[in-house]
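What follows is a short report on a single structure.
Just so you know, all these numbers are worked out from the coordinates, no wet-lab data involved. Keep in mind the model is a prediction, meaning the values are calculated, not measured. Counting neighbours? That spans all protein chains shown, and the Cβs are built from the backbone with ideal geometry, glycine included.
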Ligand code: CTP
């Protein structure tokens with residue numbers, strides 16, 4: 001992934017251009033963030049959780065654009081694992097990470113707007129929408145940005161195509177274009193808060 005092509009970064013920049021006070025919580029940012037953003041680097045889902053807990057109470061809008069890892073290694077080796085003593089097999093046990101978006105939605109304060117993302121590999125449009133509807137219900141977000149990803153779509157490109165649904169599963173917007181223009185379209189769909 002080129003960081004400049006990341007939808008989350010594009011959203012942060014677009015919001016800052018509109019005069020919002022933006023906190024960008026981000027992993028592996030390879031570009032320098034403009035001064036208008038307050039950037040909090042994180043390296044794991046648990047670090048992201050901590051950063052969110054600190055920043056979320058103040059936020060009018062929370063946009064969770066990151067593809068958060070669903071699982072993490074159960075234990076992390078303190079020292080290098082030597083293959084001589086490890087042998088021919090290394091089992092890596094993964095445990096489930098907390099669902100951060102779900103947690104934010106559960107604790108949201110009145111008027112706070114929470115936007116989730118759903119990157120899916122489902123090729124069929126109707127089935128993709130159904131996945132999105134089930135996901136927004138499960139997560140409790142106000143809006144869900146659904147996009148199809150694969151080797152040629154979504155992730156490693158400068159462009160993106162999304163549909164945005166609300167809590168009742170209705171499509172409230174669609175956008176296709178550069179990640180910057182998609183970001184602006186998503187921001188246009190936010191209900192006016194406070
Ligand atoms: N998300 C999160 N915490 C996680 C995993 C995902 O907050 N542990 C957020 C993502 O940032 C995104 C939304 O949840 O806004 C949907 O992520 P996705 O990976 O599509 O959803 P999952 O709940 O992991 O469902 P799936 O079984 O489809 O992976």
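Entry note, the range 38-123: relative contact order of 41 percent, from Cα contacts under 8 Å with a spacing of 6+ residues. A protection proxy built from the mean count of other Cβ atoms within 10 Å ranks the segments 92-101, 126-135, 77-86, most packed first, as 126-135, 92-101, 77-86. Helix 125-139 and the longest principal axis of the Cα set of the chain meet at an angle near 80°. Going by alpha carbons, how many degrees (0 to 90, nearest 10) lie between the helix axis of 45-55 and the longest principal axis of the chain? The two axes meet at around 40 degrees.
Scoring 48-54, 109-115, 167-173 by mean Cβ neighbours within 10 Å over their residues and listing the highest first yields 48-54, 109-115, 167-173. Structural descriptor for the chain: relative contact order 21 percent, calculated from alpha carbon pairs under 8 angstrom and at least 6 residues apart. Counting beta carbons within 10 Å around each of 108, 138, 192 and listing the fewest first gives the order 192, 138, 108. Relative to the longest principal axis of the C-alpha atoms of the chain, give the angle of the C-alpha long axis of helix 179-188, reported between 0 and 90° and rounded to the nearest 10°. Taking Cα atoms only, the helix is inclined about 50 degrees. Here the simple spin-label model places points 7 Å from the Cα toward Cβ, and for residue 102 and residue 40 these points are separated by 2.2 nm. Is the C-alpha gyration tensor of the range 98-168 telling us rounded, prolate or oblate? Criteria: a/c under 1.5 is rounded; beyond that, a/b larger than b/c is prolate, otherwise oblate. Prolate is the answer for the range 98-168, as a/c is 1.5 or above and a/b outweighs b/c. Extension gain, residue 176 to residue 161, is 5.0 nm, computed as 0.36 nm per intervening residue step minus the present C-alpha separation. With the convex hull drawn around the C-alpha atoms of the chain, the volume per residue stands at 150 Å³. The gain in end-to-end length when the residue 70 to residue 188 segment is fully stretched comes to 39.5 nm, 0.36 nm per residue minus the alpha carbon separation.
Measuring nothing but how far apart in sequence close Cα pairs (under 8 Å, 6+ apart) lie, relative to its length, the range 79-194 scores a relative contact order of 20 percent.
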